[in-house]
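The structure under discussion appears below in the form of structure tokens.
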Amino acid sequence: MEFDLNKLVRDNIKNLKPYSSARHEFSGKASVFLDANENAYGSPLADPFNRYPDPLQWQLKFQLARIKGVPAENIFIGNGSDEVIDLAYRIFCDPVKDNVIICPPTYGMYEVSAHINDVAIQKVNLTQDFQLDVDGILEAVDANTKLLFICSPNNPTGNNMKRDDVEILLNNFPGIVIIDEAYINYSKQKTFIQELTEYPNLIVMQTLSKAWGLAALRLGLCYASMDIIDLYNKVKPPYNINEASQQLALEALQDTDTVNNWIKEVVRQKEILDLHLNEFSFVEKVYPSDANFILVKVADANHLYDHLSSNEVIVRNRSKEVHCENCLRITVGTPEENTILINLFKSYQQ
């Protein structure tokens, strides 16, 4: 089956004339900027934030390209991954008419964005062992199915999806397959970024919020074919990434050694947590995790959650999610934070 991106794009997006700033239209060297109605006198801050930022964040993309081994032209940077998700709906899904497939339990913003954009959702639950129901997904496809969201490692379960299953879907799903790799830095499985040339229907999402520790900057990463990236750049707001975020991210990306050491420490602390949590009689299961969190099934999640929160320790109660009854999602903290958590488990009375 030959992939035709043009058939998936909304007609209004095909015909859209994007906003063009003066910085877009000008090419060459300039020393006086009188084009954007900025305050030419500067700002009250020490850094010169009076000028609009690079609308395409090229310096940041060049640095990411160096780290990831992907051409800068194949990268889109969003105001958090949530913008990457939302723009996918805006580009590919006609409101009311089209639908997408999600695989609960999974990241909640796929569904929220669908509702915001008035796009129908088809839910094909993960199996009991939190893997993709490949046959169920392909059976759910109809003429108006545009997107398939796959979270791997999955949130809230922490596990990777089987690579063979993902490849079957990439080869057989008629729309865009979006693989959310927010937690890939903690995973034993390799990224799908290197498969972009093989699968023109593939979008890979990553983020600087997790392993890179830049959650406050709101920087979501999208890797895809140049044709898809062009669509993202066509639809996005002109200056979606502010200058402070660009500068701080560029600085952070110089220090890969620190980030790699953090990743190793998180994995080590996760193993320690796993060992301790399995010692408690009210802990029924600690699920295997390739992320920086653990999903834990307990006898009474609501009661334990209340005990922890009353002692100023906040975890995530995922009991209302399919297959996650009485489950808490616990982020791996510092050694000191993890010790506090374990001590509260010890003091817990059912």
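For Phe76, are the conditions met, namely being surrounded by 15 or more Cβ atoms within 10 Å (Cβ to Cβ), touching a residue at least 40 places away in the same chain (Cβ under 8 Å) and in contact with a Phe, Trp or Tyr (Cβ under 9 Å, 6 or more places away or on another chain)? When the stated conditions are applied, Phe76 passes them.
Output yes when any residue across region 47-54 is surrounded by fewer than 13 Cβ atoms within 10 Å (Cβ to Cβ) and either under 31 Å from the mean Cα position of the chain (by Cα) or not in a helix (DSSP H, G or I) (or both), and no when none is. Yes, the conditions are met somewhere in region 47-54. The C-beta contact set for region 272-286 (first residue aromatic (Phe, Trp, Tyr), second residue crowded, with 17+ Cβ neighbours inside 10 Å, distance under 6 angstrom, 6+ apart or interchain) comprises Phe280/Phe345; Phe282/Val298. Would you check if Val70 is at pLDDT 95 or above, in a loop (DSSP other than H, G, I, E, B), over 19 Å from Asn155 (Cβ atoms) and under 21 Å from the mean Cα position of the chain (by Cα)? So Val70 passes the test. Applying a threshold of 8 Å to beta carbon distances and a minimum spacing of six or more residues, or different chains, the list of pairs starting in region 16-41 at a residue that is among the charged types (D, E, K, R) and ending at one that is modelled with pLDDT of 85 or more and part of a loop (DSSP other than H, G, I, E, B) reads Arg23/Asp35; Arg23/Ala36; Arg23/Tyr52; Arg23/Asp54; Arg23/Pro55; Glu38/Asn50; Glu38/Arg51; Glu38/Tyr52.
Being closer than 27 Å to Trp212 by Cβ, without any contact (Cβ under 8 Å) to a residue 60 or more places away in the chain and not in a loop (DSSP other than H, G, I, E, B) is not true of Asp82. Return yes when Pro105 is farther than 28 Å from Asn74 by Cα, at pLDDT 95 or above and under 14 Å from the mean Cα position of the chain (by Cα) and no when it is not. So Pro105 does not fit the description; no. Only one of the numbered conditions (1) under 19 Å from the mean Cα position of the chain (by Cα); (2) within 30 Å of Ser319 (Cβ to Cβ); (3) charged (D, E, K, R) is not met by Lys236, and that is (2). Checking each residue in region 166-194 for being surrounded by fewer than 17 Cβ atoms within 10 Å (Cβ to Cβ) and either touching a strand residue (DSSP E or B) at 6+ places or on another chain (Cβ under 6 Å) or without any contact (Cβ under 8 Å) to a residue 40 or more places away in the chain (or both) picks out Glu167, Ile168, Asn171, Lys190. So, in region 120-139, exactly how many residues are in contact (Cβ under 8 Å) with a residue 24 or more places away in the chain, touching an Asp or Glu at 6+ places or on another chain (Cβ under 6 Å) and in a loop (DSSP other than H, G, I, E, B)? So the count comes out to 1.
The values are calculated or read from the model by the stated rules, or taken from the named source; none is laboratory data. Keep in mind that this is a model prediction, so the values were computed, not measured. All Cβ positions, even for glycine, are placed from backbone atoms using ideal geometry, and neighbour counts span all protein chains on display.
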